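Below is one structure, written out as structure tokens; the observations come after it.
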Amino acid sequence: MRDIWNPWHGCKKVSEGCKHCYMYFLDQKNNKNGADIYRTKAGFYYPIQKDRKGAYKIKSGEELKVCLVSDFFLEEADEWRNEAWEMIRERSDVRFFLLTKRPERVKDCLPKGWGDGWENVFFNVTCENQRRADERIPILLDLPFKHKGIMCAPFIGSVSIEKYLQEGQIEQVICGGENYDGARPCNYDWVKSLQAECVAHNVTFCFSETGSNFIKDGKLYYMPKKSVQKLMAFKSGMNYQGKPMEFKLCYAHGGPIDKEDLHVPLYKEKCEQCSHKIICNGCSNCGRCEK
Ligand code: SF4
């Protein structure tokens, strides 16, 4: 997928949210073991890949979601991470969405010259339930990042982040139900209460998908198709555009980005009813949302 960069693949399960990890599920379908951790080949250099004209394939202003089949701060990836940081530094004109369940490792994994954080890095922690929220968000709030967010996915228990939102550092919250074998139900009441907290602090909230098992008004709905889940999430009207995030992106030499070089998100008719539009880079015709 155009908006995903997987410099390495594979992972170790670390918390409740990992129980039905989709990476393990998909690897198993391909007779692979998700616990086998390896550095990807061509994909490793994706952010700095160039086309025949010598221009970067990823345009200035695009967002790359990093390590969706692993964790950027995985211990087994320590030997590869500095090279990844160098690409993030080189592409200071691109946004990098980092997501981890290992915030406790981050401060020892930051690159030289990190200072109080790079403008093009958006750091997120997973809070699948209240226990992990109370464990990980305090660490997130203490870490030197310019942009911070929360991902409640898989959403397997109610989560309140009111006391953390008061700090004013959290700029975006995404939540979504679980999928694949053994998917635990997501309760609409959890979504509503989390959304209400975000709206009260004018923080952008995205209800990305219901998950295959969704409880609403005490009734359980089974929706295996992701396109249906996204449509139901969209129709719930829970998405909220809060204070827009501002990423001060620039070229590696520090100069401002020329307008004509900036990525302009492309949205199709189908995007008008997609729950992801509020957090999406625009359509790249990957066909994902038709599945
Ligand atoms: S941290 Fe993420 S990739 Fe790793 S096992 Fe858990 S759910 Fe899977």
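The values are calculated or read from the model by the stated rules, or taken from the named source; none is laboratory data. Predicted, not measured: the structure shown is a model, and the values here were computed from it. Glycine also receives a Cβ, built like all others from the backbone with ideal geometry; neighbour counts cover every protein chain displayed. To get the accessible areas, we keep the full protein, side chains included, count just its heavy atoms, and leave off ligands, DNA and RNA. Shrake-Rupley method; radii C 1.70, N 1.55, O 1.52, S 1.80 Å.
Within the stretch 99-121, the set of residues being part of a loop (DSSP other than H, G, I, E, B) and of a type in the set (D, E, K, R) comprises Lys101, Arg102, Lys112, Asp116, Glu119. Selection of the stretch 59-68 for residues being open to solvent by 10 Å² or more (accessible area, probe 1.4 Å) and within 16 Å of the ligand (Cβ to nearest atom) yields Lys65, Leu68.
Residues of the stretch 37-45 include none that is touching a strand residue (DSSP E or B) at 6+ places or on another chain (Cβ under 8 Å), among the hydroxyl-bearing types (Ser, Thr, Tyr), part of a loop (DSSP other than H, G, I, E, B) and within 11 Å of the ligand (Cβ to nearest atom). Any chance the stretch 19-34 includes a residue that's open to solvent by less than 50 Å² (accessible area, probe 1.4 Å), part of a loop (DSSP other than H, G, I, E, B), touching a helix residue (DSSP H, G or I) at 6+ places or on another chain (Cβ under 7 Å) and more than 20 Å from Arg81 (Cβ to Cβ)? Checking the stretch 19-34: not a single residue is open to solvent by less than 50 Å² (accessible area, probe 1.4 Å), part of a loop (DSSP other than H, G, I, E, B), touching a helix residue (DSSP H, G or I) at 6+ places or on another chain (Cβ under 7 Å) and more than 20 Å from Arg81 (Cβ to Cβ). Checking Lys50, Lys29 one by one, the residue that is more than 10 Å from the ligand (Cβ to nearest atom), out of contact with any Asp or Glu (no Cβ under 9 Å at 6 or more places or on another chain) and within 22 Å of Ala183 (Cβ to Cβ) is Lys29 and no other. When the strands (runs of 3 or more DSSP E) confined to the stretch 181-291 are screened for residues that are touching a helix residue (DSSP H, G or I) at 6+ places or on another chain (Cβ under 8 Å) and open to solvent by less than 30 Å² (accessible area, probe 1.4 Å), those reaching at least 1 such residues are found at 204-209, 213-216. The residue that is nearest to the ligand (Cβ to nearest atom), among those in the stretch 74-121 that are over 25 Å from Gln169 (Cα atoms) and surrounded by fewer than 15 Cβ atoms within 10 Å (Cβ to Cβ), is Glu75.
Return yes when Asp71 is open to solvent by less than 70 Å² (accessible area, probe 1.4 Å), assigned to a loop (DSSP other than H, G, I, E, B) and more than 16 Å from the ligand (Cβ to nearest atom) and no when it is not. For Asp71, the condition - open to solvent by less than 70 Å² (accessible area, probe 1.4 Å), assigned to a loop (DSSP other than H, G, I, E, B) and more than 16 Å from the ligand (Cβ to nearest atom) - is not met.
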